[in-house]
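Participant: My structure is below; once you've seen it, I'll send some questions.
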Amino acid sequence: MTGIDLGARLAQTETIARQAGARALEHFRRRDSLAIETKRNLTDMVSIADREVETMIRDALSDAFPADAMLGEEHGHASGESGLTWVIDPIDGTAPFLNGLPGWCVSIGLMDDSGPLLGAIHAPVLDEMFLGARGHGASLNGRPIHVTERFDLSSGLLGLGGNDRVPPARLGQLHGELAAEGIAWVRYGSGALMLAYVAAGRLVGYCEPRMSLWDCLAAYALIEAAGGKVLPFPPAALQGAPFGVMGATATDYDRLAALTRFEAPDWEVLDRR
Ligand code: IPD
Ligand code: CA
Ligand code: CA
């Protein structure tokens, strides 16, 4: 895509992500008084914080970029004419957020027809801002970041996620297969933040069998800008369809793809409503 100033857009996205993070943090500090609703199951939760923060982000983006489309977890899709789509998860890691853990973030990404363009991931409690854009590199709190060159899947850490969209036994099988390979994995409850950790060189890779585009688009932009590789997502992702998510160092990408086999039919999505 020509004619857009990605550097300027990234700076504007950072400002919006900071404002959204500050609002989310106010809610986090008085989370005990937030009314919680459940979505697909008892641990799939949402509160006014998620909805209000997404509205704030969408209002700021549509003021600045009225021709762009938008896709957000809480308020869905809005069409545009520019060929660009903003992809928003107002709070990724709602479960850690509502339980008082620090590992949650605001995630704002931008994409065009050929994939992720830029991403901003802000973790307000941890005071970390991850930024990256195609051709512009990636940074954490203003310092350049890169996927790890020191560790690989055998010596470093893999981030792993899972939700109720996939058969529990199949997820358990993956855990076993990774353990059999001697791969150590961690899970923090925010897929977007763990993907950002891949860009920052803290994790060698991240994988989750079925996620939505808002969970990973911003972080995908970060990983690519930081020298890593991501599993391409299908066109139906823009309609909210879940798909296999994976990001890793270029060195370990093929090994992780062979281990996870997210295209295999036994990862078929369960009908959860
Ligand atoms: C969830 C988190 C979680 C992942 C789930 C996501 P949410 O997003 O990223 O780590 O395992 O698949 O749905 O609900 O906290 O925005
Ligand atoms: Ca999410
Ligand atoms: Ca969310």
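Since every read-out is calculated from the coordinates, none of them should be taken as a lab result. As the structure is a prediction and not an experimental result, all values here were calculated from the model. Every residue, glycine as well, gets a Cβ built from its backbone with ideal geometry; the counts of neighbours run over all protein chains shown.
Participant: Amide H neighbours of L157 under 5 Å, at least 5 residues apart or on other chains, H built in the peptide plane: list them.
Facilitator: V204
Participant: Which one of A95, A169, A138 has the biggest mean-square fluctuation once the chain is modelled by GNM with Cα springs under 10 Å?
Facilitator: A169
Participant: Oh, and also: Go through the range 208-220 residue by residue and turn each phi into a ³J(HN,Hα) via Karplus (6.51, -1.76, 1.60, θ = phi - 60°); whole Hz please, and just put x for glycine and proline.
Facilitator: 8, x, 9, 10, 9, 4, 5, 6, 10, 4, 4, 5, 4
Participant: Amide H to amide H, which residues 5 or more places from A138 or on other chains are under 5 Å from it, using H placed in the peptide plane?
Facilitator: HN-HN under 5 Å from A138: I145.
Participant: Gaussian network model of the chain, Cα springs within a sub-10 Å range: biggest mean-square fluctuation belongs to which of L118, L222, L178?
Facilitator: Looking only at L118, L222, L178, the biggest GNM fluctuation is shown by L178.
Participant: If you don't mind, there's one more thing I want to ask. When the Debye formula is applied to the Cα atoms of the range 80-234, each taken as the same point scatterer, what base-10 log of I(q)/I(0) results at q = 0.09, 0.16 Å⁻¹?
Facilitator: Evaluating at q = 0.09, 0.16 Å⁻¹ gives log10 I(q)/I(0) of -0.27, -0.87.
Participant: Moving to a separate point now. What does the highest-first list of 259-267, 144-152, 203-211 look like by mean Cβ count within 10 Å?
Facilitator: Order by mean packing, descending: 203-211, 144-152, 259-267.
Participant: Can you tell me what percent of all Cα-Cα pairs in the chain are more than 26 Å apart?
Facilitator: So the portion of pairs separated by more than 26 Å is 37 percent.
Participant: To continue, here is another question. For the range 162-168, take each phi angle, set θ = phi - 60°, evaluate the Karplus expression 6.51 cos²θ - 1.76 cosθ + 1.60, and give the result in whole Hz per residue in order, putting x for glycine and proline.
Facilitator: These are the phi-based 3J(HN,Hα) values: x, 9, 7, 6, 10, x, x Hz.
Participant: Whole-Hz ³J(HN,Hα) for each residue in the range 23-35, computed from phi via Karplus 6.51 cos²θ - 1.76 cosθ + 1.60 with θ = phi - 60°, x for glycine and proline: what do you get?
Facilitator: 3J(HN,Hα) across the range 23-35, in whole Hz: 5, 4, 5, 4, 5, 4, 5, 10, 5, 5, 9, 7, 6.
Participant: 222 nm [θ] for the chain, helices only, -39500 (n - 2.57) per DSSP H run of 4+, per residue, to 500?
Facilitator: Roughly -10500 deg cm²/dmol at 222 nm, from the helical runs in the chain.
Participant: If you place +1 on the Cβ of every Lys and Arg and -1 on the Cβ of every Asp and Glu, how big does the dipole about the Cα centre of the chain come out, in debye to the nearest 20?
Facilitator: Value, rounded to 20: 480 debye.
Participant: 5 Å is the cut-off here: which amide hydrogens, built 1.01 Å from N in the peptide plane, fall below it relative to G83, excluding neighbours closer than 5 in sequence?
Facilitator: Under 5 Å from the amide H of G83 lie the amide H atoms of A69, each far enough along the sequence or on another chain.
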